[in-house]
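S.K.: Quick one: this structure, given as structure tokens, is what I'll be asking you about.
Bear in mind that the values in this text are calculations on the coordinates, not laboratory data. It should be emphasised that the depicted structure is a prediction, and the values quoted were computed from it without experimental measurement. With ideal geometry, Cβ positions are generated from the backbone for all residues, glycine too; neighbour counts draw on all protein chains shown.
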Amino acid sequence: MSIHQTNSPFGEGDEQRLWDYIDGLSSPSEKTVIEQLLEANAEWKAKYHELLDVHQLMQSSELEQPSMRFTKNVMDEIARLQIAPATRSYINNNIIRGIGLFFISIIIGFIIYGIGQLDLDWSSSGKSVIPVDLSKVNYSRFFNNTWVNAFMIVNIVAGLFLLDRFLANKRKKFTE
């Protein structure tokens, strides 16, 4: 950057360039350009002295530190207040049981629906304990709709999550 380009009045990015110069972050070529501008331009010189005063003021001021007992006072005040109870007290167990009952009834309903799709012949007097020859069962008749299968999978996964939560609560109560 030449002096001719920066000889114009003090611009927006020029203040940042001066801060970099004051902090010692400027490149050597940039330092020489800024030093030449400070000698030649009164506006640059005035701004430089203003920023230098601000820099020295910031360097000379000490940060206020809290008292040695500040942390202890804050922790004592927090301990004095009642802390909000855990979220398990916010959850109504009857709602959880109702949702579980709903999912169990849906799964039982689908099992009954699947059994209803079988061609059961109860009149045969075979020696088998199960009156249906499971090797001849057409399983495609159980759930032949994609939406029914997707709904079943979602219900089974939700039911497993519910069972996991139930067992985790039981284990937690047992360990307490």
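S.K.: Can you tell me how much longer the chain between E39 and I107 gets when fully stretched, taken as 0.36 nm per residue apart minus their C-alpha distance, in nm with one decimal?
M.R.: Length gained, E39 through I107: 15.8 nm.
S.K.: Separation between the L167 and T32 pseudo-spin-labels, each 7 Å from Cα along Cα→Cβ, expressed in nm?
M.R.: 7.7 nm
S.K.: Can you return the aspartates and glutamates within cross-link range of K31? Criterion is Cα-Cα under 16 Å, with same-chain partners fewer than 8 residues away left out.
M.R.: Reachable aspartates and glutamates: D14, E15, D20, D23, E39.
S.K.: Can you pull the one-decimal nm distance between simple spin-label points at E15 and I156, each 7 Å off the Cα toward Cβ?
M.R.: Those two pseudo-labels are separated by 6.7 nm.
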